[in-house]
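Here's the structure we're looking at; comments come further down.
Derivation of every value follows stated rules applied to the coordinates shown; laboratory data play no part. Bear in mind that the values here come from a model prediction, so they are computed numbers and not experimental data. In this analysis, Cβ positions are derived from the backbone assuming ideal geometry, glycine residues included, and neighbour counts consider all displayed protein chains.
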Amino acid sequence: MIIEDASLRACEVIRKLEESWRGQQEISLQAPAEPSLIDAFEKSNRVVLPPDFLKYFQRANGFDQAAGYHDEQGFNFWPLEKLERIKDYDGGHYGFDGDVNYFIFCDYLDFCWAYAINLSSERNDVVLVGTEDSTPKFVSESFSGFIEAYLTDDISIYP
């Protein structure tokens with residue numbers, strides 16, 4: 001029952017996200033990620049995308065990075081092939097203890113800061129990285145929670 005509720009919640013959250021983006025002229029959404037791309041990402045990184053994050057990529061593979069790559073507020077949701085471990089991005093500049101399974105999936109205003117999801121099997125929390133003191137800020141326990149905060153422009157998604 002709980003799994004079904006989480007799955008239904010994820011579907012509804014992703015639907016609302018897609019609806020919000022389709023109403024913005026600035027955004028150019030990419031087509032859904034091909035199953036082979038998702039499979040290759042998971043295998044090469046030795047991770048499994050959580051159900052809500054997977055549903056997101058099955059609906060839209062982020063923003064086109066060549067044109068319309070920011071929403072009205074300045075957020076840039078990356079396509080799956082751009083996701084990168086925090087420890088590897090920009091020479092590890094944004095790394096922190098315990099960051100091995102955190103992948104950056106979204107940035108704000110050309111990387112004033114960014115958001116990363118933990119793709120370990122135990123938990124899938126989202127953190128904000130790139131803060132002044134270099135300490136990651138907890139944002140949400142899940143991708144769905146992050147998207148709900150994003151859609152309401154909740155203060156929790158800002159440093």
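Points to keep in mind about this one:
- Counted charge near Asn101, where neighbours are those whose Cβ lies closer than 14 Å (Asp, Glu -1; Lys, Arg +1): -3
- Fewest-first sequence of Lys82, Lys43 by Cβ atoms within 10 Å of each Cβ: Lys43, Lys82
- Entry note: the chain has Rg to Rh equal to 0.93, where both radii use alpha-carbon atoms and Rh is the Kirkwood radius.
- Cα gyration tensor category, rounded, prolate or oblate, for region 30-94 with a/c compared to 1.5: oblate
- Note on Glu122 and Phe96: with the Förster distance fixed at 25 Å, the Cβ-Cβ geometry gives a FRET efficiency of about 0.90.
- Leu109-Leu37 pseudo-label distance in nm [points 7 Å out on the Cα-to-Cβ vector]: 2.9 nm
- Computed label-point distance, nm, for sites Ser44 and Arg22 using a 7 Å Cα→Cβ extension: 3.1 nm
- Counted charge near Ala31, where neighbours are those whose Cβ lies closer than 12 Å (Asp, Glu -1; Lys, Arg +1): -1
- Subtracting the Cα-Cα distance of Lys87 and Leu151 from 0.36 nm times their residue separation leaves 20.2 nm of extension gain.
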